[in-house]
Every structure is written in structure tokens, then in C-alpha cells.
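For reference, the structure is listed below as C-alpha cells.
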Amino acid sequence: MTIRVLHVASELYPLLKTGGLADVTGALPAALVEQGADARLLLPGFGPVVEGLEDLRPVARLERTFGAPDATLELGRLPGGGLPVYLIRADAFYARGGNPYLDAQQVPYGDNAQRFALLGWAAAQLALRIDPDWSPQVVHAHDWHAGLAPAYLRAAARERGLAPGADVARSVFTIHNLAYQGVFPAHQFASLGLPADFFDMSGVEFYGQLSFLKAGLYYADRITTVSPTYAREIQTLAHGGGLEGLLRARAHDLTGILNGVDHAVWNPATDTSIAARYTPTRLTGKLRCKTALQARFQVAQKHDALLFGVVSRLTEQKGLDLLLAVVPEIVSRGGQLVVLGTGDATLEQGFSRVAHAHPESVAIELGFDETLAHAIVAGADVVAVPSRFEPCGLTQLYALAYGALPLVHCVGGLADTVVDASLENLADDLATGFVFERFEPRGMTAAIRRAFALHARHRDWRATQQRAMRSNFGWAASAQQYMALYRELA
Ligand code: ADP
Ligand code: GLC
């Protein structure tokens, strides 16, 4: 039986990306199609999405617009005969350029509740057959942006007198990051058109406010998150963001399914955006990538300098303040560090300062640059991801695939995907990177020292690199797990 599933999200690689969410929506639906699903996407009509789709045509006018002058549902395709994608054309809401969530001053748009309510509501309309040619059996909503979709589905079912469980479509809600909750003042609830009793502790109310994330967690039939360890962590006070109680209550409906690597995009054997291609058995290309990277960042051209790379949003989550604190450890041992990122001004300044102090060894580029991200992962010996918390993390998966050994904090998806180069793991042919337990300079320094020590043992380094490159984090296994979940529901 084919399952018709609609993915509802705000980002989609390669059209619009601020982080890993886009990589997931860009790869998972296609992987589901490989497993026999009939998958489509629904996104807000942000400029790059409207421009990037082919064969766009109107499907229906949307009756409710949440304050936008008008809104239309359109259907197009990803270029090259790709997946069908619905978008909501409401230019007053979405054609604002730049970031989907923040204005040019990095302040959230004042009407974000309405902009993303329209997304959730339109998803429910698709389940209610607003497109006579296609409707989903499963609505799969991602992050708070799509959190109201399950709530509108429940409201629609109630209007039709259906019991919970006999909803118009079944729903799955995926947490990519519990730190972003879509919380708005209570008075905005009135503009959403949900039944009044939904504003309740058993509903969308969250400490007197309105939470889109909680709506997703409360009303979805199933909840997933992007790694097994994060699925456990978010049920604790330390990592639950105030939602640990609800998540514990729904523990039986909650699963962790790891993200994967899209090998069509991230594969050193075929990647045309890097200086040279390479494979686990032919690694000379990687050395050329390293030389090119040193040249690009204008650090010293030294083959044997251990080169650390970072590609990251510069936010509290990513733990890069800890890396800043241990830069002297890297430099004094003859290592180098190149950083690509954008975000917090203090972190940007911090890295700029150390780069200025050690121009031969440290360099930073501020900005978001997909091609440079590939160059770093290909050219670096080590990719550092010292996150305070990490739901899954894709950067360390790309690093593994490119033989850049990940150096990570033992949390969330990082803990699930990287095996530390301890003596016993090396002896058992398990090591793929460097893992530190405690989020403190001492822990990270020890991991950095392990990286230098392993690098000095050329054969062990090479074997670890090859093992990392062969570790299997493709999308197929994850897609199978989602399919099993959909089958249970549908
Ligand atoms: P998160 O989604 O929390 O940012 P992930 O590791 O899951 O973390 O995904 C990050 C994605 O964004 C990766 O594809 C990474 O390469 C990309 N990325 C992050 N920062 C940048 C940047 N400054 N330039 C280019 N790509 C970036
Ligand atoms: C979030 C998380 C990241 C995850 C990504 C995709 O942005 O921070 O860990 O990999 O979503 O699921």
C-alpha cells in the first residue's frame, strides 16, 4: 500500500536554508519515495522557494488568510522533475527577502504567529481535500513553524464529529530543536481560529502564553525527534525546555530517528565543488583539498599541521565559546583552525580576535556559504562540533563521510554517531573521532590532545579516517523507520 504523506516545513535545500532542517526536508521526502511512499511538501511561499520551483500553478484560493490580503495554494515541482511541492502564495507574509523568521535587524517579525498559523492551517486544508487530485493520509510537521498543523487537524475532526484517532489525517510531529518553541503572547490566540478550549494546559497554552511547539507535541498522533539520545534527553529537566512533563507523558508516542547524509550532495568521490575528489582507498585528493583550504584562508601552507575546521551557526547551542577558550592548545601544538559561521556578535568578535592574534594558524570567515562549507569539510583533518546540546547534527555526519574526524561533545545525535578514539575503541576497530564527556575546557582539551596523538600515528590515523568514511549514515535506514511509523498510523 502506498502511503501519501505531506511534509510541512519552512525550509528546503537547495532553495532556502538556515540550518540542518533544510537538509532534512531536502532529502527525507525523496528517500521516502524510494521506499514506496507518495510524498509531497508544503512550504510558505518565500521568495527563493517561489523562484526555485518549476511548473507552478494555482490549486485553490485559501479562504482564511490570517490577516494577509490574500493567499493562494500553488503546486510546483523541484527542478529536474523532482518532488511535488505545494506552496502558500501570500506575498504580504512571505515575500520579505532574507531570513524566513527574522527581519534585517535580526528581530522576529511581529506577525510570525499569523504567518506560520497559515502554514499549519493550509496543511489541514490539504488533508480536507482542498486539492481534489491529492490529499495526504499522514501530515508530517517539522518544528514549531508547522506546529499548528496537528491542532487544526484535530479541530477539523471535531467539527466533523470524528473521535480522536479517526482524524481526517494522521499526524507526525518532528522536533528538530526544542530550543525554538514558537511562543507568542496569549492574546494572539484569538487570531488563530482554533476552538476556545484549545487554549488550555492540555492544549496550546504554555505558562500563560501560546506555544506552537507545544501544539505540535500535544496534538500530533506521534512525535519523533532526530536522534535516540536526544529523545531521552528532552524528557529531563535539564534538556526539556519546560516541556519535559508533556514529553514524558507521551513517551510511548515518542521515537528518535537519526538524520542521514544525502550522498548526492555530500560525497567526496563525486563532489565537484571541492579541489579534488577522493575515496577511502585513494586519499591523495584530500591532501589537495587541505592545501586549497589553507590557501583559501591564508594560513600557513603546512601539510603536517593538524587542521581543525568549523562550519556552524554561531549560537549558544553550538558551544563554540568553549572552542575559543582552548584555541591556545591547538595553536601551541602547531595546529590550525578555520571557521565559517555567522550569528552572535560576541562569538564573531571572539574568533576574529584570535584570528588576528594568530594569522598563520587561525582564520575566520563570517557568512553563510554552501561551497565553502564543502571545502572545509573536505580540507580539514578534524571538524569540531562541541555543542552544548545537539538534536542530531549533520555537520559531524558530513565530516565522517569526508574523512575529517569529528571532535564532539557527548550529547544528542553527536553521542549516537561518533565513536571516540580511546585505546580500547582503536583496538577494537571502532573509533571514528574524538568525544568529550564534560562540557568544560579540560574535557575538550583532552580530546584535542587525543587528536594530536592519533595524528602522530599515521597508520592509525589513516585507518580511523577510512572507518569514518565507511560509516553508514545514509537516509535509507531512517526512511524505513519513518515508513514503519506511517504504516502503523495509516
Ligand atoms: P543546525 O541545524 O543546528 O544548524 P546541523 O549540523 O544539523 O545544525 O546542520 C547545519 C547545516 O547548515 C549543515 O548543512 C551545515 O553545513 C550548514 N551550515 C551551518 N552554518 C553554515 C555556514 N555559515 N555556511 C554554510 N553552511 C552552513
Ligand atoms: C536542528 C538541530 C540539528 C539537527 C537539525 C536537523 O537544527 O539543531 O541538530 O541536525 O535540526 O534535524
* So how strong a dipole does region 284-469 carry about its Cα centre when Lys and Arg Cβ are +1 and Asp and Glu Cβ are -1, to the nearest 20 debye? -> 540 debye
* For the chain, list log₁₀ I(q)/I(0) at each q in 0.05, 0.07, 0.11 Å⁻¹, using the Debye formula over Cα point scatterers of equal strength and ignoring solvent, two decimals each. => -0.19, -0.38, -0.91
* Out of the DSSP beta bridges found with both residues in region 284-469, what percent are antiparallel (nearest 5)? -> 0 percent
* Structure fact -> Largest-first ranking of 284, 395, 225 by accessible area, probe 1.4 Å, whole protein assembly kept, is 284, 395, 225
* Asked: Quick one: putting +1 on the C-beta of Lys and Arg, -1 on the C-beta of Asp and Glu, what dipole do you get for the chain around its Cα centre, in Debye to the nearest 20?
  -> 840 debye
* Asked: So which GluC sites (Glu not before Pro) in region 45-117 end up in coil per DSSP with only 12 or fewer other C-beta atoms within 10 Å?
  -> 63
* Asked: Given +1 on the Cβ of Lys and Arg, -1 on the Cβ of Asp and Glu, and no further charges, what dipole in debye does region 196-315 carry about its Cα centre, rounded to the nearest 20?
  -> 960 debye
* **Relative frequency of Cα-Cα separations exceeding 23 Å in region 1-93, percent** => 23 percent
* Selection of GluC sites (Glu not before Pro), region 268-374, meeting DSSP coil and at most 16 other Cβ within 10 Å -> 360
* Structure fact -> Summing +1 per Lys or Arg and -1 per Asp or Glu among the other residues with Cβ less than 14 Å from residue 477's Cβ gives -3
* Give the percent of DSSP beta bridges with both residues in the chain that are antiparallel, rounded to the nearest 5. => 25 percent
* Cα lying deepest toward the dipole's positive end in region 116-174, options 125, 155, 138, charges on Cβ -> 155
* To do: With everything on Cα atoms, drop me the angle between helix 20-34 and the longest principal axis of the chain, reported from 0 to 90° to the nearest 10.
  => 70 degrees
* Mind pulling the angle between the C-alpha long axis of helix 284-297 and the longest principal axis of the chain? Nearest 10 degrees, somewhere in 0 to 90. => 80 degrees
* To do: Only loop residues by DSSP count here, and only those with at most 11 other Cβ atoms within 10 Å; note down the chymotrypsin sites (Phe, Trp or Tyr not before Pro) in region 1-89 that meet that.
  => none
* Provide, in order from the shortest bin, the percent of all Cα-Cα pairs of region 277-386 in each 10 Å bin, continuing until the bin that contains the maximum pair distance. => 15, 50, 29, 5, 0
* Asked: Tell me, how many Å apart are the Cα centres for region 262-341 and for region 124-172?
  -> 44 Å
* Using alpha carbons only, how many degrees (0 to 90, rounded to 10) separate the axis of helix 345-357 from the longest principal axis of the chain? -> 10 degrees
* Is region 284-469 rounded, prolate or oblate when judged by the Cα gyration tensor, a ≥ b ≥ c being the square roots of its eigenvalues, rounded requiring a/c under 1.5 and prolate requiring a/b larger than b/c? -> rounded
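The values are calculated or read from the model by the stated rules, or taken from the named source; none is laboratory data. Computed from a prediction, not measured in an experiment: that's the story for all the values here. With ideal geometry, Cβ positions are generated from the backbone for all residues, glycine too; neighbour counts draw on all protein chains shown. For accessibility, only protein heavy atoms count, side chains too; no ligands or nucleic acids. Shrake-Rupley method; radii C 1.70, N 1.55, O 1.52, S 1.80 Å.
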